[in-house]
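Visitor: Here it is, the structure in full.
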Amino acid sequence: MNLGNLEITNNSPCYIIAEIGINHNGDVKIAKELIKIAKNAGCNAVKFQKRNPDVCVPEKQKNIMRETPWGYITYLDYKYKVEFEKEEYDIINDYCNKLDIHWFASPWDVDSVKFLSQYNLPALKVPSASLNDIELLNSMKNTGIPIILSTGMSSQEEVDEAINLLSGVELAVLQCVSTYPTHPSELNLNVIKSFQQKYPDTIIGYSGHETGLSTTYAAVAIGAKIIERHITLDRSMWGTDHSASIEPHGLKTLVSNIRDIESAMGDGVKNITKGELPIREKLRRIQ
């Protein structure tokens, strides 16, 4: 699978995505700060979410009032406050190109697929909530852009149906559980192995919403080749996803430790390492 200028295989390093989502809280300055943090940590990409609120927000929720940093406003108005449009995405596109880091987004509706298609993106990501949205999946497929499929809230049968529908495009499939934050007992990381066996020609990865890092390392150790975690400047910030996100220091630790794990896995062939040779000469009585 090719994501931009990178080829992702079962033998390549993990492709690490820092999910900004809407944790920018509608402020492009925060978005740029998070992009820079992701780049400095060694991530390969940052990801956003793109919606047409008029289409995505159910009618019964549009006029529900909500306390927000912008005052007591309707849910629909709130969704517009945290939605970036072309002016902001042009800034993001230029900034990511300048820093040499990939960016892309999860479109939640057909309008957003068309909007994102104007940029030279390495991928589009199907959000877990939309895995069974046939119109959306077909619209994404028709762009010819590689697709990353998140599988939260889905049965195996639903995943199979989505993969069949998306046949013919470059595709990666991520194990995901859509609770925020996710308790370790719900993560079911062995689904990664099941996906590897069921879809041997597909890149398999992991999108995590847990609060710690150790379970993400376990996903890498059992073969996840794409890793996605939400990031934030501060987990105490206002917004729905911040509490299940990683702060800057944690992101740097995550990427560094993933690279150490990849290096430590080796090729599986038992042999004597160069470092062992002098120890062997010293300690082995029988050579």
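The values are calculated or read from the model by the stated rules, or taken from the named source; none is laboratory data. Keep in mind the model is a prediction, meaning the values are calculated, not measured. Because the Cβ atoms are built from the backbone with ideal geometry, glycine has one as well, and the counts that use them run over all protein chains shown.
Visitor: Got at least one residue in the range 260-267 being in a helix (DSSP H, G or I), in contact (Cβ under 8 Å) with a residue 60 or more places away in the chain and surrounded by 14 or more Cβ atoms within 10 Å (Cβ to Cβ)? Show your work before the answer.
Guide: Just the residues of the range 260-267 that are in a helix (DSSP H, G or I), to begin with: 260-265.
Applying the additional criterion that residues be in contact (Cβ under 8 Å) with a residue 60 or more places away in the chain yields 262.
From what is left, the residues that are surrounded by 14 or more Cβ atoms within 10 Å (Cβ to Cβ) are 262.
So far as the range 260-267 goes, yes, one or more of its residues are in a helix (DSSP H, G or I), in contact (Cβ under 8 Å) with a residue 60 or more places away in the chain and surrounded by 14 or more Cβ atoms within 10 Å (Cβ to Cβ).
Visitor: With the range 1-75 as the region, which helices (runs of 4 or more DSSP H) entirely inside it contain at least 1 residues that are over 15 Å from the mean Cα position of the chain (by Cα) and aliphatic (A, V, I, L, M)?
Guide: Fully inside the range 1-75 and qualifying: 28-41, 53-56.
Visitor: Would you confirm whether or not the range 231-246 contains a residue that is in a helix (DSSP H, G or I), of a type outside the set (Ser, Thr, Tyr), surrounded by fewer than 16 Cβ atoms within 10 Å (Cβ to Cβ) and touching a residue at least 12 places away in the same chain (Cβ under 8 Å)? First the steps, then the outcome.
Guide: Of the range 231-246, the ones in a helix (DSSP H, G or I) are 242-244.
Within this subset, residues satisfying the condition of being of a type outside the set (Ser, Thr, Tyr) are 242, 244.
With the extra rule that they be surrounded by fewer than 16 Cβ atoms within 10 Å (Cβ to Cβ), the set shrinks to none.
No, the range 231-246 contains no residue that is in a helix (DSSP H, G or I), of a type outside the set (Ser, Thr, Tyr), surrounded by fewer than 16 Cβ atoms within 10 Å (Cβ to Cβ) and touching a residue at least 12 places away in the same chain (Cβ under 8 Å).
Visitor: Right, next: Which of the numbered conditions does residue 106 fail, given that it passes all the others? Conditions: (1) modelled with pLDDT of 95 or more; (2) in a helix (DSSP H, G or I).
Guide: Answer for residue 106: the failing condition is (2).
Visitor: Oh, and also: Check residue 83 against each of (1) acidic (Asp, Glu); (2) touching a Lys or Arg at 6+ places or on another chain (Cβ under 8 Å); (3) in a helix (DSSP H, G or I) and name the one condition it does not meet.
Guide: Exception for residue 83: condition (3).
Visitor: Continuing with the same structure: Given the structure, is residue 224 closer than 23 Å to residue 103 by Cβ, in contact (Cβ under 8 Å) with a residue 60 or more places away in the chain and in a strand (DSSP E or B)? Outline the logic, then answer.
Guide: Details: closer than 23 Å to residue 103 by Cβ: yes; in contact (Cβ under 8 Å) with a residue 60 or more places away in the chain: yes; in a strand (DSSP E or B): no.
No; evaluated as a whole, the condition is false for this residue.
Visitor: Here is a further query. Give all pairs with beta carbons closer than 6 Å in which a residue from the range 205-220 that is within 17 Å of residue 243 (Cα to Cα) and surrounded by fewer than 24 Cβ atoms within 10 Å (Cβ to Cβ) meets a residue that is of a type in the set (Lys, Arg) and modelled with pLDDT under 95; count only pairs at least 6 apart in sequence or on separate chains.
Guide: Pairs that qualify, where the first residue is within 17 Å of residue 243 (Cα to Cα) and surrounded by fewer than 24 Cβ atoms within 10 Å (Cβ to Cβ) and the partner is of a type in the set (Lys, Arg) and modelled with pLDDT under 95: there are none.
Visitor: A follow-up question, please. Quick check on residue 174: is it surrounded by 17 or more Cβ atoms within 10 Å (Cβ to Cβ), touching a strand residue (DSSP E or B) at 6+ places or on another chain (Cβ under 7 Å) and under 17 Å from residue 153 (Cα atoms)?
Guide: Values: surrounded by 17 or more Cβ atoms within 10 Å (Cβ to Cβ): yes; touching a strand residue (DSSP E or B) at 6+ places or on another chain (Cβ under 7 Å): yes; under 17 Å from residue 153 (Cα atoms): yes.
Considered against the rule, which asks whether it is surrounded by 17 or more Cβ atoms within 10 Å (Cβ to Cβ), touching a strand residue (DSSP E or B) at 6+ places or on another chain (Cβ under 7 Å) and under 17 Å from residue 153 (Cα atoms), residue 174 comes out as yes.
Visitor: Still on this structure, I have one more. Would you check which residues across the range 7-43 are over 17 Å from residue 239 (Cβ atoms), free of Cβ contacts under 8 Å to residues at least 60 places away in the same chain and either among the acidic types (Asp, Glu) or buried (at least 23 other Cβ atoms within 10 Å of the Cβ) (or both) and list them?
Guide: 7
Visitor: Could you tell me which numbered condition residue 249 fails, if it satisfies all but one of (1) under 20 Å from residue 23 (Cα atoms); (2) surrounded by 17 or more Cβ atoms within 10 Å (Cβ to Cβ)?
Guide: (2)
Visitor: While we're on this one: Which one of the conditions (1) over 15 Å from the mean Cα position of the chain (by Cα); (2) part of a helix (DSSP H, G or I); (3) not aromatic (Phe, Trp, Tyr) does residue 154 fail to meet, given that it meets all the rest?
Guide: Tallying (1) over 15 Å from the mean Cα position of the chain (by Cα); (2) part of a helix (DSSP H, G or I); (3) not aromatic (Phe, Trp, Tyr), residue 154 fails exactly one: (2).
Visitor: I'm checking my understanding of the structure. Among residues of the range 1-60 that are of a type in the set (Gly, Ala, Ser) and under 18 Å from residue 128 (Cα atoms), which one is modelled with the highest pLDDT?
Guide: Initially, the range 1-60 is screened for residues of a type in the set (Gly, Ala, Ser), giving 4, 12, 18, 21, 26, 31, 38, 41-42, 45.
Next cut, under 18 Å from residue 128 (Cα atoms) only: 18, 21.
Details: 18: 98, 21: 94.
Checked the range 1-60; the qualifying residue modelled with the highest pLDDT is 18.
Visitor: Restricting the range 234-265 to residues that are within 18 Å of residue 212 (Cβ to Cβ) and among the basic types (Lys, Arg), which is modelled with the highest pLDDT?
Guide: Going through the range 234-265, the residues within 18 Å of residue 212 (Cβ to Cβ) turn out to be 234-236, 241-258, 260-261.
Next cut, among the basic types (Lys, Arg) only: 235, 252.
On the way: 235: 93, 252: 98.
Restricting to residues being within 18 Å of residue 212 (Cβ to Cβ) and among the basic types (Lys, Arg), the top hit is 252.
Visitor: Follow-up. Which is surrounded by fewer than 18 Cβ atoms within 10 Å (Cβ to Cβ) and part of a loop (DSSP other than H, G, I, E, B), of 142, 164, 97, 120? Steps first, answer last, please.
Guide: Numbers: 142 fails: part of a loop (DSSP other than H, G, I, E, B); 164 fails: part of a loop (DSSP other than H, G, I, E, B); 97 fails: part of a loop (DSSP other than H, G, I, E, B).
When all the criteria are applied, what remains is 120.
Visitor: Now, a different point. Checking residue 169 against (1) touching a Leu at 6+ places or on another chain (Cβ under 7 Å); (2) surrounded by fewer than 19 Cβ atoms within 10 Å (Cβ to Cβ), which single condition isn't satisfied?
Guide: Answer for residue 169: the failing condition is (1).
Visitor: Also: With 158, 170 as the choices, which residue is over 21 Å from residue 6 (Cα atoms), in contact (Cβ under 8 Å) with a residue 12 or more places away in the chain and out of contact with any His (no Cβ under 7 Å at 6 or more places or on another chain)? So that I can check it myself, show each step before the final result.
Guide: Values: 170 fails: over 21 Å from residue 6 (Cα atoms).
None of the others qualify; the one that does is 158.
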